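Visitor: Here you go, one structure.
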Amino acid sequence: MKSTFTLIFSLFAVISTVTAQSTFSEVYTILQSNCATPYCHSGGNPSADLDFSGSQNDVYQELVNVTPQNSTAAAIGDKLVDPGYPGKSFLIRKLAHDDWDDYYDRFPSEGSQMPQGGGNLASEDIEMIRQWIYHGANQNTTDVDPTVIQDYYNGMGKKKLEKLPLPNSGEGFQVRLGSIFLAPLQEIEIDKKHKLELDDDVEVVKIELSFNEESHHFILYSLGDPANVAEGIQLFDGSEFGNLNDEILAAWQDPNTIELPPTTAYFWEKDIVLDLNYHLINYDPDSILAADVYINVYTQQKGIAQHEMFTQLMPVDAISSFGDIGKSLVIPNDGNVYTFTDEIYSPFAGVFIDPIWHIWMLSSHTHGRGIDYDVYFRNPNGSKGEQLFEGYYNFDYSFNQGFYDWEHPPIRYFEPPFPVVDISVNGLIQEASYINPPTNPDTLRWGFTTKDEMMLIFIQYTKEALAVGIDDIDQNQFDLTIAPNPFSDKTGIRYHLETNSEVKLEVFNLLGEKIEEIVNEKQSPGYYSYDFVSSSASDGIYLIALSVDGNVTTQRVVSIK
């Protein structure tokens with residue numbers, strides 16, 4: 001798996017624990033009380049040769065990583081308990097009922113629901129077993145607070161998220177993370193290792209995500225060294241920050257669908273192992289949150305896409321301070337506006353980061369004191385060039401709403417992708433502003449909770465330019481050439497027509513505003529040449545659009561003063 005300059009951001013609140021007994025002790029008691037009965041899972045001839053009447057250690061050894069006797073469950077790869085994977089644990093699928101969670105299916109050949117003849121097992125008891133499995137099915141640790149589970153199922157729970165419908169058969173698959181339980185006012189961030197076990201390498205063309213409104217972010221990573229990552233939900237203190245072996249795949253701050261441009265895809269190898277990174281907050285002072293994430297991954301066969309789409313997080317100081325992330329982000333609590341400017345540029349790009357970006361998507365990330373966020377093209381002399389991202393825009397970047405919404409920052413897509421950003425020559429400049437009011441008792445610095453601050457951008461890019469134009473017409477169809485590019489004062493535009501044609505030749509800035517119409521007429525066959533003279537006193541990037549009988553092809557040009 002390719003290695004990129006990738007960063008994992010992890011923060012975790014202290015989760016209340018019960019010191020009286022381990023989480024498995026709770027599970028053992030549930031199994032003893034409901035399943036270790038005559039003609040079921042005790043006595044001299046227990047059902048499925050599974051005896052729950054023994055000691056805690058005996059029952060643990062009977063369950064964890066043991067292949068079921070049921071041939072159907074064994075054939076699909078289930079274990080009785082698969083640490084970290086409730087959906088692949090036959091025990092959960094045998095206990096599940098729709099009044100608890102209708103996500104888990106059973107084949108008729110897998111037998112009837114358990115417990116036999118005794119009605120449904122209480123939802124809170126199945127949940128305790130699921131949470132034990134989710135947290136790694138450990139034998140001697142306390143990973144779950146049983147009072148939170150009990151209270152949720154006894155009237156103190158918030159309404160659960162509706163399930164996201166599965167992709168149609170043959171179009172992809174779904175990954176679910178959840179439910180994750182948070183006590184009132186609790187904030188956590190988790191990392192969950194997730195094995196996909198794909199049959200072959202695939203190309204991912206769309207990812208649809210749904211999660212609770214209390215979510216702060218969700219990030220998909222590919223683990224670079226999965227064998228050294230424990231199974232199950234992991235709670236960290238930030239010590240995992242900066243794992244260079246992991247690769248970011250996609251990121252969300254709001255539920256939405258990432259549908260990649262034609263000819264592009266994420267390339268996932270069949271042995272890929274994901275890290276599901278989830279940061280969320282229960283803002284309710286009284287109720288318990290059961291949070292879920294549903295991820296629909298839409299795929300196509302390997303070899304169809306022409307270009308691989310990459311994703312990157314670029315936090316402040318990641319390059320300028322040689323990886324000392326957030327070093328400069330210090331915001332005094334005096335109510336003044338503090339603006340921080342950071343260059344995404346290095347003459348050594350290519351050693352630790354892809355040097356060439358054709359940017360398809362840009363978005364920003366701060367916490368609650370962020371009031372603006374802007375991104376600019378960096379000119380080779382270090383000055384600001386064209387503005388590529390304005391934080392005052394709304395979520396889908398359709399209009400300037402006059403303020404920065406840090407909880408729902410804008411996402412800007414470039415169609416076609418913004419041309420070459422060479423990190424070793426020009427790069428980007430990101431600039432964010434903050435106000436830390438005097439009512440806050442502390443100076444703010446970079447940190448992992450929403451009580452701290454952050455400054456970073458999300459970027460998705462390809463390493464090569466994409467074909468552009470209506471119906472994917474060949475850009476060389478009209479022998480369109482623009483030179484020089486980059487240019488100082490003017491550049492020449494040349495094209496060729498084979499038939500009488502209605503022709504428009506126009507120039508646009510990066511905001512999509514037409515700044516010049518060079519040609520708008522019917523032209524005869526032949527070669528045509530025109531000059532475009534930049535009237536701006538500063539550096540700029542322009543889009544030259546040639547329309548011939550309604551077929552449009554474009555090229556970007558760079559003006560350097």
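Visitor: Quick check on the range 498-537: of everything there that is of a type in the set (D, E, K, R), loosely packed, with under 12 Cβ neighbours inside 10 Å and not in a loop (DSSP other than H, G, I, E, B), which residue is modelled with the lowest pLDDT? Reasoning before the result, please.
Guide: Just the residues of the range 498-537 that are of a type in the set (D, E, K, R), to begin with: 498, 502, 504, 506, 513-514, 516-517, 521-522, 531.
Filter once more, so that each one left must be loosely packed, with under 12 Cβ neighbours inside 10 Å: 498, 513-514, 517, 521-522, 531.
Filter once more, so that each one left must be not in a loop (DSSP other than H, G, I, E, B): 514, 517, 521-522, 531.
Details: Lys514: 84, Glu517: 94, Glu521: 95, Lys522: 94, Asp531: 91.
Among them, the one singled out is Lys514.
Visitor: Just one of Tyr39, Tyr28, Tyr134 is under 31 Å from the mean Cα position of the chain (by Cα) and either polar (S, T, N, Q) or not assigned by TED's automatic domain parsing to the domain that holds Leu274 (or both); which is it? Spell out the reasoning first.
Guide: Working: Tyr39 fails: under 31 Å from the mean Cα position of the chain (by Cα); Tyr28 fails: under 31 Å from the mean Cα position of the chain (by Cα).
Every option except Tyr134 fails the conditions.
Visitor: Hey, another quick one. Given the criterion touching a residue at least 24 places away in the same chain (Cβ under 8 Å), among the hydrophobic types (A, V, I, L, M, F, W, C) and more than 30 Å from Thr23 (Cα to Cα), identify the matching residue among Ile258, Ile233.
Guide: Ile258
Visitor: Please tell me if Asn140 is assigned by TED's automatic domain parsing to the domain that holds Gln32, surrounded by 13 or more Cβ atoms within 10 Å (Cβ to Cβ) and either at pLDDT 95 or above or hydrophobic (A, V, I, L, M, F, W, C) (or both).
Guide: no
Visitor: Could you list, in sequence order, the residues of the range 347-400 that are within 19 Å of Asn509 (Cβ to Cβ), in a loop (DSSP other than H, G, I, E, B) and touching a residue at least 60 places away in the same chain (Cβ under 8 Å)?
Guide: Asn379, Ser383 - these are the residues of the range 347-400 that are within 19 Å of Asn509 (Cβ to Cβ), in a loop (DSSP other than H, G, I, E, B) and touching a residue at least 60 places away in the same chain (Cβ under 8 Å).
Visitor: Out of all the residues in the range 156-195, which are surrounded by 15 or more Cβ atoms within 10 Å (Cβ to Cβ) and either hydroxyl-bearing (Ser, Thr, Tyr) or in a loop (DSSP other than H, G, I, E, B) (or both)?
Guide: Those that are surrounded by 15 or more Cβ atoms within 10 Å (Cβ to Cβ) and either hydroxyl-bearing (Ser, Thr, Tyr) or in a loop (DSSP other than H, G, I, E, B) (or both): Lys158, Lys160, Leu161, Leu164, Pro167, Ser179, Ala183, Pro184, Gln186.
Visitor: OK, next. Could you count how many residues in the range 252-281 are touching a Phe, Trp or Tyr at 6+ places or on another chain (Cβ under 9 Å), under 21 Å from Asp452 (Cα atoms) and buried (at least 19 other Cβ atoms within 10 Å of the Cβ)?
Guide: Of the residues in the range 252-281, 6 are touching a Phe, Trp or Tyr at 6+ places or on another chain (Cβ under 9 Å), under 21 Å from Asp452 (Cα atoms) and buried (at least 19 other Cβ atoms within 10 Å of the Cβ).
Visitor: Hey, can you tell me all the residues within the range 282-297 that are crowded, with 21+ Cβ neighbours inside 10 Å and out of contact with any Ser or Thr (no Cβ under 7 Å at 6 or more places or on another chain)?
Guide: Asn282, Ile288, Leu289, Val293, Ile295, Val297
Visitor: If a residue counts only when it is within 23 Å of Tyr103 (Cβ to Cβ), which strands (runs of 3 or more DSSP E) contained entirely in the range 252-298 have at least 2 such residues?
Guide: Of the strands (runs of 3 or more DSSP E) lying wholly inside the range 252-298, those with at least 2 residues that are within 23 Å of Tyr103 (Cβ to Cβ) span 273-281.
Visitor: Considering the range 64-84 alone, what residues qualify as being without any contact (Cβ under 8 Å) to a residue 60 or more places away in the chain and closer than 19 Å to Phe24 by Cα?
Guide: Result: Asn65, Val66, Lys79, Leu80, Val81, Asp82.
Visitor: With the requirement that a residue be without any contact (Cβ under 8 Å) to a residue 60 or more places away in the chain and among the hydrophobic types (A, V, I, L, M, F, W, C), what does the range 85-119 give you?
Guide: Scanning the range 85-119 gives Phe90, Leu91, Ile92, Leu95, Ala96, Trp100, Phe107.
Visitor: Shifting gears a bit: So Ile325 passes all but one of these: (1) closer than 21 Å to Leu428 by Cβ; (2) assigned to a strand (DSSP E or B); (3) not acidic (Asp, Glu). Which condition number does it fail?
Guide: Here Ile325 clears every test but (2).
Visitor: Kindly indicate which of Glu197, Glu214, Glu208, Glu308 is over 19 Å from Gln460 (Cβ atoms), touching a Phe, Trp or Tyr at 6+ places or on another chain (Cβ under 8 Å) and either free of Cβ contacts under 8 Å to residues at least 40 places away in the same chain or of a type in the set (Asp, Glu) (or both).
Guide: Exactly one residue qualifies, and that residue is Glu214.
Visitor: Here's something else I'd like to know. Given the criteria closer than 30 Å to Gln306 by Cβ, out of contact with any helix residue (DSSP H, G or I) (no Cβ under 7 Å at 6 or more places or on another chain) and assigned by TED's automatic domain parsing to the domain that holds Ile288, does Leu196 qualify?
Guide: Here the answer is yes, as Leu196 does meet what is asked.
Visitor: Within the range 138-168, can you find the residues that are over 19 Å from Tyr104 (Cα atoms) and aliphatic (A, V, I, L, M)?
Guide: Val144, Val148, Ile149, Met156
Visitor: Pairs only if they're at least six apart or on different chains, beta carbon under 9 angstrom, first in the range 332-346 and surrounded by 12 or more Cβ atoms within 10 Å (Cβ to Cβ), second of a type in the set (Phe, Trp, Tyr); list them, first residue then second.
Guide: Close Cβ pairs (under 9 Å, with a partner that is of a type in the set (Phe, Trp, Tyr)) amount to Pro332/Tyr338; Tyr338/Tyr434; Phe340/Tyr434; Ser346/Phe352.
Visitor: Now for a separate question. Taking the options Asn277, Asn245, Asn256, name whichever one is of a type in the set (S, T, N, Q) and either more than 20 Å from the chain's Cα centre (by Cα) or farther than 30 Å from Ala183 by Cβ (or both).
Guide: Working: Asn277 fails: either more than 20 Å from the chain's Cα centre (by Cα) or farther than 30 Å from Ala183 by Cβ (or both); Asn256 fails: either more than 20 Å from the chain's Cα centre (by Cα) or farther than 30 Å from Ala183 by Cβ (or both).
Among Asn277, Asn245, Asn256, only Asn245 is of a type in the set (S, T, N, Q) and either more than 20 Å from the chain's Cα centre (by Cα) or farther than 30 Å from Ala183 by Cβ (or both).
Visitor: Can you tell me which residues in the range 123-145 are more than 15 Å from Thr29 (Cα to Cα), part of a helix (DSSP H, G or I) and touching a Ser or Thr at 6+ places or on another chain (Cβ under 7 Å)?
Guide: Ile133
Visitor: While we're on this one: If you go through the range 225-235 one residue at a time, do you hit one that is closer than 30 Å to Gly326 by Cα, assigned to a strand (DSSP E or B), modelled with pLDDT under 95 and outside the structural domain of Ile129 (by TED's automatic domain parsing)?
Guide: The answer is yes; a qualifying residue exists.
Visitor: To continue, here is another question. Enumerate the pairs (first residue in the range 483-499 and among the aromatic types (Phe, Trp, Tyr); second residue anywhere and part of a strand (DSSP E or B)) with beta-carbon separation below 7 Å, excluding pairs fewer than 6 apart on the same chain, so at least 6 apart or on different chains.
Guide: From the range 483-499, the pairs are Phe487/Val557; Phe487/Ser559; Tyr495/Tyr528; Tyr495/Leu546.
Visitor: Now a separate question. Quick one: in the range 25-59, which of the residues that are farther than 22 Å from Ala122 by Cβ and at pLDDT 95 or above is surrounded by the fewest Cβ atoms within 10 Å (Cβ to Cβ)?
Guide: Per the stated criteria, the residue is Ser55.
The values are calculated or read from the model by the stated rules, or taken from the named source; none is laboratory data. Owing to the predicted nature of the structure, the values given are computational and were not obtained by experimental measurement. Reconstructed Cβ throughout: ideal geometry from the backbone, glycine too, with neighbour counts over all protein chains shown.
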